[in-house]
Amino acid sequence: MGIFDIFKKKTKNENKKDYAREIADIIGCDYIEISGDYKKEQILDLYISELKKGQEEGFTPVIVAAGSTLEEIIELNSEEYRTFEEYMTEILNHSFENGPDILDERLRELEKDMAEADGYDIYGEYSGKLNPCKCFLSIGKSDLNSDETLVLFRIPVKEPWKVFAWIPFGGWNECPDQVDMIAVCKYWYEKFGAVPAVVKSDILEMYVLGPVNDIDTAFDIAKEQYGFCNDIVDQGTGTIKSLAETLVGSNVWYFWWD
């Protein structure tokens, strides 16, 4: 079976609400359903193929778990506007040059909270073992809710950080809102070649075009990632240096907000 054999056009299912089609209609883009007996490695291959195609044809691919929760997030974020196009215009009218400042401010706030805590060292120590991530983590069939369909949206924009104007992800709890999300992703794209690749209701995964290969750079990135999404350390790796050890040689950056 070729890698594109797992791409299958959406077929009508009277027993399941077609959230993928509804979301595609709202945001105005094409999509392909990812179905079949696929493996995560195959999905990564498909994504890379679509990323190359998008660079030639002027779109950015994003793998999305399309379901009721994501549709509700999209509707809530854009409900103040008469049309979704008006919402996108407003979002894209901002300046997105302050990504480093956003991360620095968020990290300083967390460090302030740590200083007031009871002596826990969030930076920790290195274990000496690298654990790079080589495929997307959240797209297995068992990772999807019963009303979710895994699809690949072809967002009609060349600049990958702008996809959040089409998919208004974020803005709840500690997750950055759309404007800050775009600014941070623009900064990371320009510095590291990181592009938004997978979006679920509470998860973002980024594909890294040029993985870092030294622990010092990885540590600097890990501090920024902690500022961006502290749950990946506080409820994940445990320390920032442990997070850094997952970034050396990694093609995928993973973020999850509780």
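Miscellaneous remarks
- The H on the amide N of D177, modeled in the peptide plane, is under 5 Å from the matching H of G171, each at least 5 residues off or on a different chain.
- Only aspartates and glutamates eight or more places from K241 in sequence, or on another chain, were considered; those with a Cα closer than 16 Å are E111, D121, E125, D214, D216, D220, E224, D231.
- Debye intensity ratio I(q)/I(0), log10, the chain, q values 0.12 Å⁻¹ (C-alpha model): -0.72
- Each Lys and Arg adds +1 at its Cβ and each Asp and Glu adds -1 at its Cβ; summed about the Cα centre, the stretch 58-203 shows a dipole of about 980 debye.
- Nonlocal Lys pairs with alpha-carbon distance under 18 Å, the stretch 61-218 (8 or more apart, or different chains): 6
- Debye-sum result for the stretch 140-258 in log10 I(q)/I(0), which assumes one identical scatterer on each alpha carbon, at q = 0.19 Å⁻¹: -1.10
- K186 sits among other residues whose Cβ lies under 15 Å from its own Cβ, and their net charge, with Lys and Arg +1 and Asp and Glu -1, is -4.
- Per-residue Karplus couplings for the stretch 195-202, computed as 6.51 cos²θ - 1.76 cosθ + 1.60 with θ equal to phi - 60°, are listed in order as 10, x, 10, 10, 10, 10, 4, 9 Hz, Gly and Pro entered as x.
- Packing-based order for 60-67, 153-160, using average beta carbon neighbours within 10 Å, highest first: 60-67, 153-160
- Peptides 17-28, 175-186 ranked from most to least packed, by the mean per-residue count of other Cβ atoms within 10 Å: 175-186, 17-28.
- Here each label is just a point 7 Å from Cα along the line to Cβ, and for S146 and K191 those points are 4.4 nm apart.
- Residues in the chain average 48 Å² of solvent-accessible surface per residue, probe 1.4 Å, ligands and nucleic acids excluded.
- Acute angle (nearest 10 degrees) that the helix 68-78 long axis makes with the longest principal axis of the chain, alpha-carbon atoms: 80 degrees
- Split the accessible area of the chain by element, probe 1.4 Å, and carbon with sulfur accounts for 44%.
- Once the convex hull of all Cα atoms in the stretch 21-107 is built, its volume per residue stands at 175 Å³.
- Extension gain for H94 to M114 (0.36 nm times residue separation, less C-alpha to C-alpha distance): 4.0 nm.
- Span per principal axis, largest first, for the Cα atoms of the stretch 34-75 (Å): 31, 29, 12
- Residue among W161, W188, W172 with the largest mean-square fluctuation in a Gaussian network model of the chain, springs linking Cα atoms under 10 Å: W172
- Degrees, to the nearest 10: 99-116 long Cα axis against longest axis of the chain: 50 degrees
- Dipole of the stretch 81-185 computed with +1 at Lys/Arg Cβ and -1 at Asp/Glu Cβ about the Cα centre; of Y87, S138, M114, farthest Cα towards the positive end is S138.
- Cα-based equivalent ellipsoid, the stretch 193-258: semi-axes from gyration tensor eigenvalues, Å: 17, 16, 8
- Shown here are the Rg and Dmax of the Cα trace of the stretch 60-137, at 19.5, 54 Å.
- For V252, residues with placed amide H under 5 Å, excluding near neighbours: C133, V208
- Under 5 Å, built H, 5+ apart or other chain: amide partners of Y126: none
- Here the dipole of the chain is about 1240 debye; that uses its Cα centre as origin and unit charges on the Cβ of Lys and Arg (positive) and Asp and Glu (negative).
- Unit charges on C-beta of K, R, D, E only; dipole of the stretch 215-258, Debye: 80 debye
The values are calculated or read from the model by the stated rules, or taken from the named source; none is laboratory data. Everything numeric here is computed off the predicted structure, so don't read it as measured data. Note that each Cβ is placed from the backbone with ideal geometry, even for glycine, and that neighbours are counted across all protein chains shown. All accessible areas refer to the heavy atoms of the entire protein, side chains included, with ligands and DNA or RNA removed. Shrake-Rupley method; radii C 1.70, N 1.55, O 1.52, S 1.80 Å.
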